[in-house]
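K.L.:
Please see the structure below; I have some questions.
The values are calculated or read from the model by the stated rules, or taken from the named source; none is laboratory data. The shown structure was predicted, so the numbers you read here are calculated from the model rather than taken from an experiment. All Cβ positions, even for glycine, are placed from backbone atoms using ideal geometry, and neighbour counts span all protein chains on display.
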Amino acid sequence: MAGPTPVQIFHEEEKKRQYRSGTFFLKVGLLLLFLLVPVLFPAFKTIDLAMQIVLFAVLVASFDILLGYTGILSFGHGMFFGIGAYCVAFLIGKYGMPSYTNLALGFLIAAIVSAALALLISFLTLRVKTIFFAMITLAIAELAIILATKLTGFTGGEDGISLNTPGIFAVSFNMGDFMGLEITGRVFTYYFILFSCIALFLIMLRFTRSPLGRVLQAIRDNVQRAEALGYNTFLYQSISITFGCIMAALIGGLYAMWVGYVNPESSLGVLTIMLDVLLMVIIGGMGTLYGGIIGAAFLKITQTFLPDLQHLAMDLFPHAQLLHNVLERWLLLFGILFILVVIFFPKGVIGSVNEYLLQRKMAKPTISPSSFTPTPPGNRP
Amino acid sequence: MGEQGVDETILEVQGVHTFIGQHHILQGISFDAKADAVTVLIGRNGAGKSTALKTVIGLLPSSKGKIIYKGKEIQKNRPFEIARMGIGFVPENMGIFSELTVEENMRVAMLVENEATARRLDRTLEMFADLKKFWKAKAGNLSGGQKQMLAIARAIVNDTSLLLIDEPSKGLAPIIVDAVIDAINRIKEHSVVVLVEQNFYMASSVGDYFFILDDGMVAHAGHVEALIQDEALQSKYLGISEAEE
């Protein structure tokens, strides 16, 4: 071919723009912030908050692959997170010694078990309509909680399983000070989880931007049209569910490493995990992946600091009983904040900002929709 | 069209019955599409035109009858299998993926991304210049005419030998309809077209053969030139009076 085609020209221009855009610098800034958290804010509460944001941001992204990119509402996603947490806890806690091999095996088994279960659920339930699929996955998730609670001998029941992380990740590990930062097992675990989450996020980003990701978005828009274009939508939906569930299981394993404890409520709970994930994806915006970061940050920060407002009010205004009573019910404040976010960002923060930027772009004369130029009319019969 | 002869029949629909729920929509419909020609299915609202196309592509299952494409029965195949045999489908109401960009709509339609598809994509973008202009824009934000062009472009970017187009003029301004006519006239150089159309002007501008559908059955068939001359037939089945013309 003589010269570059129009599509090649578009891609070249896009590549040039990629590293100059404001969002690129925002992403780098965010990455630096999370990298520097243990150095700048060494208090455990802050490091724990940052870790929870990172873990849930990536968990929300894995849920977004199902809901935002494929249009599948699954209430069973939290179950896969729990399966990952339990697999790691079994291997380095209840049934094995804390070693790197066992840790790696825990993640491998988590991935295999979740893939098998996700495929089974897909084949059994994907043929029903969306709402029934959501209800079936909710029932399966509830069943998993009951099993984890009742099979005390196997899972530890409601008491759960405590686990010790191996080698440099052990709580007792301490390498001393380096540039004012105490290098402990916690710090190593923080960076291991952070880099693992970044890797998982990049894999998900690649997945959604691949041709396969485009097909999933087409299926989300209209299943019949995608099928008529030549895509086996059932197969693609199964791939999406399986991939999202494997990601959730791996994140669950990382979560178990961080908290050092798993039990049915904290790892499998539909209300504790799934409700949070749903709120995060609504706040951040569906079908964006990055929305998970905003959603997780909003929810985790408010959940961490809103309960403290009551103590602050007691110190500042010791006689304002009404204020104390209101702040004691911090969930009420959280509810109001959530409503405000939904009102002002109906498509989630990232979704609404993207929409606003797109509208601004469309308003420019270079891409005005009125520029349609039909060819001259032919002879009418 | 190269390999196909002028009278070669590429698609045969024989006595097909289709139900939607409990409604018996197609009641033994039979029609065919010949190579190097545009076959038009015309008729009033509810006659079963769109159902006929959806049955051919497999989106609606036929309960009886045969659909033969290039000598092979396809009525039991799933839509994605039929599409991969080389049948493109342009649904009515500008059936695009509105949440995807123009680029994503085109790329998702490309079943394989090789040099031949890239060449077809470039040819398609030359044919529909506006798509090139709005390449990165969300398809849902395009105008009606542009959406229709995108829907057609998406169907021809693959190596389709049969293109089913459902009411491309629906909801479009007359000047845009002329652009769609021009596009279909260019497409027929590469693909056989079966067009469902209620707009008689459009049907007569691009069609070679016609089938008038009435109550799920073929009421009349023949050359489009004959239909243009037959005002009684137009008036009876298409509701066209001399005053309207």
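K.L.:
Every residue in region B:130-149 that is more than 7 Å from chain A (Cβ to nearest Cβ) and farther than 15 Å from residue B:184 by Cβ, please. Walk me through how you get there before you give the answer.
P.N.:
Initial filter on region B:130-149 (more than 7 Å from chain A (Cβ to nearest Cβ)): B:131, B:136, B:139-140, B:144, B:147-149.
Matches in region B:130-149: B:131, B:136, B:139, B:140, B:144, B:147.
K.L.:
Next question. So, restricting to helices (runs of 4 or more DSSP H) that lie completely within region A:226-323, which ones have at least 1 residues that are within 14 Å of chain B (Cβ to nearest Cβ), touching a residue at least 24 places away in the same chain (Cβ under 8 Å) and in contact with a Ser or Thr (Cβ under 8 Å, 6 or more places away or on another chain)? Quick ask: steps written out before the conclusion?
P.N.:
Numbers: elements: A:233-259, A:275-284, A:291-305, A:308-316.
Hits in region A:226-323: A:233-259.
K.L.:
Which residues, taken from region A:324-345, are closer than 17 Å to residue A:282 by Cα and out of contact with any Ser or Thr (no Cβ under 7 Å at 6 or more places or on another chain)? Let's see the steps before the verdict.
P.N.:
Step one: list which residues in region A:324-345 are closer than 17 Å to residue A:282 by Cα, which gives A:334-345.
Those that are closer than 17 Å to residue A:282 by Cα and out of contact with any Ser or Thr (no Cβ under 7 Å at 6 or more places or on another chain): A:335, A:336, A:338, A:339, A:340, A:341, A:342, A:343, A:344.
K.L.:
Which residue pairs have Cβ atoms closer than 7 Å, lie 6 or more positions apart in sequence or on different chains, and pair a first residue in region A:325-337 that is under 21 Å from residue A:296 (Cα atoms) and touching a residue at least 12 places away in the same chain (Cβ under 8 Å) with a second residue that is of a type in the set (Ser, Thr, Tyr) and surrounded by 15 or more Cβ atoms within 10 Å (Cβ to Cβ)?
P.N.:
Once the first residue is under 21 Å from residue A:296 (Cα atoms) and touching a residue at least 12 places away in the same chain (Cβ under 8 Å) and sits in region A:325-337, its partners that are of a type in the set (Ser, Thr, Tyr) and surrounded by 15 or more Cβ atoms within 10 Å (Cβ to Cβ) give A:334/A:302; A:337/A:302.
K.L.:
For region A:347-370, does any single residue satisfy the condition of being facing chain B (nearest Cβ under 7 Å), at pLDDT below 85 and closer than 30 Å to residue B:203 by Cβ? Show your work before the answer.
P.N.:
Applying the first criterion (facing chain B (nearest Cβ under 7 Å)) to region A:347-370 yields A:358, A:362, A:367, A:369.
From what is left, the residues that are at pLDDT below 85 are A:358, A:362, A:367, A:369.
Next cut, closer than 30 Å to residue B:203 by Cβ only: A:369.
Yes, some residue in region A:347-370 is facing chain B (nearest Cβ under 7 Å), at pLDDT below 85 and closer than 30 Å to residue B:203 by Cβ.
K.L.:
Please find, within region A:243-270, the residue that is surrounded by the most Cβ atoms within 10 Å (Cβ to Cβ) out of those that are of a type in the set (Val, Ile, Thr) and at pLDDT 95 or above. Quick ask: steps written out before the conclusion?
P.N.:
Here is the first cut: in region A:243-270, the ones of a type in the set (Val, Ile, Thr) are A:246, A:251, A:259, A:262, A:270.
Narrowing further to those that are at pLDDT 95 or above: A:246, A:251.
Numbers: A:246: 22, A:251: 29.
Only one residue tops the list, namely A:251.
K.L.:
Determine if region B:138-148 includes at least one residue that is within 30 Å of residue A:356 (Cβ to Cβ) and surrounded by fewer than 17 Cβ atoms within 10 Å (Cβ to Cβ). Give the derivation first.
P.N.:
Restricting attention to region B:138-148, the residues satisfying the condition of being within 30 Å of residue A:356 (Cβ to Cβ) are B:138-148.
After this cut, where a residue has to be surrounded by fewer than 17 Cβ atoms within 10 Å (Cβ to Cβ) as well, the list is B:140, B:144.
Checking region B:138-148: at least one residue is within 30 Å of residue A:356 (Cβ to Cβ) and surrounded by fewer than 17 Cβ atoms within 10 Å (Cβ to Cβ).
K.L.:
Report yes if some residue within region B:166-173 is among the basic types (Lys, Arg) and touching a Leu at 6+ places or on another chain (Cβ under 7 Å); otherwise report no.
P.N.:
First, pick out the residues of region B:166-173 that are among the basic types (Lys, Arg): B:170.
Next cut, touching a Leu at 6+ places or on another chain (Cβ under 7 Å) only: none.
No, every residue in region B:166-173 fails to be among the basic types (Lys, Arg) and touching a Leu at 6+ places or on another chain (Cβ under 7 Å).
K.L.:
Given region B:150-245, what strands (runs of 3 or more DSSP E) lie entirely inside it while holding 2 or more residues that are within 12 Å of the chain's Cα centre (by Cα)? Give the derivation first.
P.N.:
Values: elements: B:162-166, B:192-196, B:209-214, B:217-223.
Once the strands (runs of 3 or more DSSP E) in region B:150-245 are filtered for at least 2 residues that are within 12 Å of the chain's Cα centre (by Cα), what remains is B:162-166, B:192-196.
K.L.:
List the helices (runs of 4 or more DSSP H) that sit entirely inside region A:103-214 and contain at least 1 residues that are at pLDDT below 90 and among the hydroxyl-bearing types (Ser, Thr, Tyr). Outline the logic, then answer.
P.N.:
Working: elements: A:130-150, A:152-155, A:185-209.
Those helices (runs of 4 or more DSSP H) span A:130-150, A:152-155.
K.L.:
Related question: Kindly provide the set of residues from region B:82-103 that are within 8 Å of another protein chain (Cβ to nearest Cβ) and surrounded by fewer than 22 Cβ atoms within 10 Å (Cβ to Cβ), ordered by number.
P.N.:
The answer is B:84, B:95, B:98, B:99, B:100, B:103.
K.L.:
Sort out which residues of region B:192-237 are more than 14 Å from chain A (Cβ to nearest Cβ) and of a type in the set (S, T, N, Q), and write them in order of number.
P.N.:
Those that are more than 14 Å from chain A (Cβ to nearest Cβ) and of a type in the set (S, T, N, Q): B:198, B:235.
K.L.:
Restrict the check to region B:64-80 and report whether at least one residue is buried (at least 20 other Cβ atoms within 10 Å of the Cβ) and out of contact with any helix residue (DSSP H, G or I) (no Cβ under 9 Å at 6 or more places or on another chain).
P.N.:
Looking through region B:64-80, none of the residues is buried (at least 20 other Cβ atoms within 10 Å of the Cβ) and out of contact with any helix residue (DSSP H, G or I) (no Cβ under 9 Å at 6 or more places or on another chain).
K.L.:
May I ask you to say which residue of A:68, A:93 is modelled with pLDDT under 85, in a helix (DSSP H, G or I) and of a type in the set (Gly, Ala, Ser)?
P.N.:
Numbers: A:68 fails: modelled with pLDDT under 85.
Within the list A:68, A:93, the selection yields A:93.
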